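The values are calculated or read from the model by the stated rules, or taken from the named source; none is laboratory data. For clarity, every value in this text was computed on a predicted model and none was experimentally measured. For neighbour counting, all protein chains shown are included, and Cβ atoms are generated from backbone atoms with ideal geometry for every residue, glycine included. Areas reflect the complete protein model, heavy atoms only, side chains present, ligands, DNA and RNA absent. Shrake-Rupley method; radii C 1.70, N 1.55, O 1.52, S 1.80 Å.
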Amino acid sequence: LAVLTGLPAALPTLPLELTVLYNFLLLTAGTSDSAIKGEAEGIRQGLLRVLEACGAYRQDLGTEELWQKVLQEVTVEELQAPLHRLGALQAAWWLADCRLGSVTGLFQLLSTAEDPERAFCSEGQNKLLSLIKAWQVPAEGASLPLVQSAKDLKEILYTAAAFLQGLQELEAGNFPTALSLLQEAAGGFCTKKILAQIYTCLGCCAQQMGKPQMALQHLKRALQVDFQCLPALSHAAAVYHELGETDVELQALTLLYEALGKNLPTAASCSPCFLIQTELLVHTPLLTSLLRYHQPSEVKYLLAQRCLQDGRVTDAVEHYLDFLSLLQEGLQQQVPLDGGSALPRIPEVFLEAASALEQSGRHQDAITMCEEVISRTTDLIPRVLQVEERLEQPECSSPGAELAGGLLSQKKENLCCLAWRAAGYLHQGQAWAKLGKSKEAVTQFSRCLNDLLRVQLQGSGAKPAENLQPEVEVLQKIRLLSLIGRGTQFLELGRHKEALLDFQHSLQISPGYPAAASYLVQALWKLNRKQEAAAQWQKLSQSSPGEDGQQQGQGRPLPLYLVSCLEQVVFPHSETLARSIQDYLRSAAQDTSS
């Protein structure tokens, strides 16, 4: 190539020069995944040599304008086949850069050069795919062999174009069109690795269309084609989760965890002779996201989380302890910090583990687990946390925007740390209560409530800014649960007046909350304030179960580490108390009538 380009451009030698250039660029791109986007200048220089030989040299033209000028003005028959092959290579470069419009324009020019009168795309068909399919591959000459035939390159371009357009439509939310294009790509020419990736994308598309069974068919097909396509297995687990098929979901996650731990070797390409393959042309952020490999730690956490959510506390404990052992061993590469990670913040994992330990009857271990959270967050929380009613957000362009964003972020972080520590005390209080240690339980509940006094709402409405609403709601729920928890332990200790105050305060936080209202009735009855207790009991009896459920389920979903705390404060139905109140009401009615 260096020898040929060192000579003046001449029409008799240009077919050979362009063929050598084609082979050289293929070999360069095929030996390096990153080289494919850097070879456009070689094609440009080849086109300029063609114009130079034809006496129409123009160095000021862009690449697309250059192709238009060459294909419209150069009519030498011997140059058509080399130019078409070089055009296919240019299309590959542009596909790798996601310049689908440029590829369409180029194939329009190539097709027009072949047959100006021919229509290549009927209504309802994809224009680019129709143009590529209709492109007549130039015949190969016997003078110089090609390292990759133009026919094979055409098939790869067709598959890559369908795949890329399918991904674009998927990202845009045009799921039926995306499904059709991805199915077209699946029927194209590609390696097993790419075919498995296409089926994985088809599964994700079907899932977003609300067709889980179709999604599972595609994902299973991906694994049949390439058993090392582990993203398909993780997506299948997500589909089973949506369907509520927990057993199968856990099986899929277990298989995924085991496969990730085996460090399977990369599968060899089924077509090593092809230097340009679909793998080199298709790499978009969406595809990277869909095919992201989970770390073993993420999968282990998902197993723990799903078991805890499904009430399989023994299995949950095992998985949480396995996950925490990864942290203890310092395997930082096992804990991804990027935004796509499935892992929550580490204190939340400790609290979820404590919840699992508590539910499995390992109360002392739960207390120890919470102590770890409490000790590590103590120095991170200021003495007073002021939460404004409304935070003024400066414009992004103003000098104070970055500072205000930093202050808001710090305030959210402080509230999160406070919630974790308070939740640790809450779990410890409930664990001591389960152990029958009411005094210790009261101490931990009180520490929780004292911690929450650090938050001061400023403003006439006493409502937090919208940006901080989720964090403040969690703190309020912790306060509610801690008041009810402490109140129940006061009842156990015979300190009925203090119990009554806690239940009253909890009803101020959440008016009509069923558990708090039921315990309030019990406290009033024990204080011999029977008339008030009966009135509250009647009011509670008249509220419908739907209202109670709505009251308990209002607001945002609770963090997983608080779900078990909510279940523990449910008032145990007391037939004795109900009978006593009913007897009292009958007696009072008889006294009134007499």
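Selection within the range 556-594: residues that are surrounded by 13 or more Cβ atoms within 10 Å (Cβ to Cβ) and outside any helix (DSSP H, G or I). The member of this set that is nearest to the chain's Cα centre (by Cα) is 559.
If you check 186, 252 for being closer than 26 Å to residue 300 by Cα and open to solvent by less than 40 Å² (accessible area, probe 1.4 Å), only one passes: 252.
Could you list, in sequence order, the residues of the range 209-221 that are in contact with a helix residue (DSSP H, G or I) (Cβ under 6 Å, 6 or more places away or on another chain) and part of a helix (DSSP H, G or I)? Selection gives 212, 214, 215, 216, 218, 219, 221. Of the residues screened, residue 156 is one that is touching a residue at least 60 places away in the same chain (Cβ under 8 Å) and under 26 Å from residue 276 (Cα atoms). Across the range 193-209, a minimum of one residue is classified as out of contact with any Asp or Glu (no Cβ under 7 Å at 6 or more places or on another chain) and among the β-branched types (Val, Ile, Thr). A single member of 531, 552, 538 is modelled with pLDDT under 90 and either over 30 Å from residue 352 (Cβ atoms) or open to solvent by less than 40 Å² (accessible area, probe 1.4 Å) (or both), and it is 538.
In this structure, is residue 158 part of a helix (DSSP H, G or I), aromatic (Phe, Trp, Tyr) and in contact with a Gly (Cβ under 9 Å, 6 or more places away or on another chain)?
yes
Considering the range 33-80, and only residues there that are of a type in the set (Val, Ile, Thr) and modelled with pLDDT of 80 or more, the residue that is nearest to residue 140 (Cα to Cα) turns out to be 76.
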